[in-house]
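S.K.: Please see the structure below; I have some questions.
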Amino acid sequence: MALRIWASSTANALRLSSATRPHFSPLSRCFSSVLDGLKYAHSHEWVKHEGHVATIGITDHAQDHLGEVVFVELPDIGGSVTKGTGFGAVESVKATSDVNSPICGEIVEVNTNLKETPGLINSSPYEKGWMIKVKPSNPSELEALMGPKEYTKFCEEEDGGH
Amino acid sequence: MRIPRNLEVWRLGTVNYLKALKLQEKLASDRKINKIPDTLLSLQHPPTYTLGKRRTDYNLLVPESELKNMGAELHYTQRGGDITFHGPHQAILYPIISLRDIGLGARKYVENLESTMTELSSLYGVKAHGQRKCETGVWVGDRKIGAIGVRISAGITSHGLAFNIDPDLTFFKHIVPCGIADKDVTSLRTETDLVLPDDEVIQEQLVSCFARLFGYNDIIWKDKNVIEIDG
């Protein structure tokens, strides 16, 4: 599928390792990409910590399981987020799903492009589909999140175990 | 070894929309902390129009005051989906279940809700189908027989599906149902040649289809009067 080809060529260009399974494997359940350099929450959000700012979005696995996103609800700048609590929501297939923050902090920027183009979450979950930028109040919270390998395993178990 | 999964089904009869919403919020909260098992509410509503999170009230074609004259209520909700109507002889299922426990995402969950309604339809010889791209719901040809609007919070579902057994379809004329202008709404009564049993029978069959599709081993039926439930 075009998305996987795009994702892996982008990953190659950025020299990121991808845990994407070969798409020709009929037994594989995990077709989603997982990027190095990010931290991951059990509720399928990712965090990218650069300097004093942490960018948050939902993972490729999450967007794939949601379906086409048609609406995104985001909080206001200046508000705060709490670890494990919802800060916004996305709508797909007539379902609104809460999006949770993996960390505590103050919201310094929100991705207003998502209002006009909510589908960026599907087409570019780790880049153009970012949701909010936060000033972490407790950077050590990031250590408690999963790394890429751990998150990949978590996805496999979640998808395969039922 | 797979752990057997039970579904607790509350048969509630006809329930005011806000009362049902308050009940769902409480149950979802209880489900989140594992105080209760997966629970399914089976009920009907008095005439009620509802809107989803996107607040698409431009799809309401009459003033709100006129709805009151018709004996209908209007409510804004946090569920997905557009404007819809609920009323007598429409079967409502509100599953309050943990999607994380069964490893389902929103898309697959909604597909299963569609399949619940297509399976029920087939019991009466009606060929319905879901999984229409961009138009979630269940259709017989170009006519919509079942609607879906769901909320997922902390991995727990609320709201759910509405299946038209034999509601008064004229209520749908006052809205653009689900935001889809050029399609009709239909019902099991309209589509089947068979004589329909009482609503309660059909609702039980709908619950059984749900339980089978979602892989529950046992159904525990409870008849509840929502007024007696501590809110």
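S.K.: Hand me the trypsin sites (Lys or Arg not before Pro) from region B:99-151 located in a DSSP loop with no more than 15 other Cβ atoms within 10 Å, in residue order please.
M.R.: Hits after loop and neighbour filter: B:K127, B:R132, B:K133.
S.K.: Also: Of B:G160, B:I36, B:V185, which is farthest along the charge dipole of chain B in the positive direction, counting Lys and Arg as +1 and Asp and Glu as -1 at C-beta?
M.R.: Projecting each Cα onto the dipole axis, the largest value belongs to B:I36.
S.K.: Specify the inter-centroid distance of region B:124-144 and region B:1-54, based on alpha-carbon positions, in whole Å.
M.R.: 24
S.K.: Something else about it: Within region B:1-100, what percent of beta bridges assigned by DSSP are antiparallel, to the nearest 5?
M.R.: 45
S.K.: Suppose every Lys and Arg Cβ carries +1 and every Asp and Glu Cβ carries -1, with no other charges. What dipole size does the protein assembly as shown come out with about its Cα centre, to the nearest 20 debye?
M.R.: Charge dipole, the protein assembly as shown, about its Cα centre: 640 debye, nearest 20.
S.K.: When ranked by the protection proxy of mean other Cβ atoms within 10 Å per residue, highest first, what sequence do the peptides A:114-121, B:78-85, A:49-56 form? Please list the in-between numbers first.
M.R.: Numbers: A:114-121: 17.6, B:78-85: 24.1, A:49-56: 15.6.
Top to bottom by mean Cβ count within 10 Å: B:78-85, A:114-121, A:49-56.
S.K.: Next up: Choose one answer from B:D198, B:D168, B:D142: the residue with the largest mean-square fluctuation in a GNM of chain B with alpha-carbon springs under 10 Å.
M.R.: B:D198
S.K.: Same structure, new question: What ranking do B:D218, A:D98 get, fewest neighbouring Cβ atoms within 10 angstrom at the top?
M.R.: B:D218, A:D98
S.K.: Label region B:108-231 by shape, choosing from rounded, prolate and oblate, from the square roots a ≥ b ≥ c of the eigenvalues of the Cα gyration tensor; if a/c is under 1.5 it is rounded, and otherwise prolate applies when a/b is larger than b/c, oblate when it is not.
M.R.: rounded
S.K.: On a straight-distance basis, which lysines could pair with B:K133 in a cross-link, Cα separation under 25 angstrom, same-chain partners fewer than 8 positions away excluded?
M.R.: A:K94, A:K115, A:K128, B:K53, B:K108, B:K144, B:K173, B:K183
S.K.: Which shape class applies to region B:155-219: rounded if a/c is under 1.5, otherwise prolate when a/b exceeds b/c and oblate if not, where a ≥ b ≥ c are the square roots of the Cα gyration tensor eigenvalues?
M.R.: oblate
S.K.: Could you tell me whether region A:29-162 comes out rounded, prolate or oblate from its Cα gyration tensor? Rule is a ≥ b ≥ c as square roots of the eigenvalues, rounded for a/c under 1.5, then prolate if a/b exceeds b/c, otherwise oblate. Display every interim value, and only then the final one.
M.R.: Numbers: a/c = 1.72, a/b = 1.10, b/c = 1.57.
Verdict is oblate for region A:29-162.
S.K.: Across peptide B:146-156, how many C-beta atoms of other chains are within 10 Å of each residue C-beta, on average?
M.R.: Average per residue, whole number: 4.
Bear in mind these aren't lab numbers, they're just calculated from the coordinates by the rules spelled out. Please read these numbers as outputs of a predicted model, since none were measured by experiment. Positions of Cβ are generated from backbone atoms using ideal geometry, with glycine treated the same way; all protein chains shown enter the neighbour counts.
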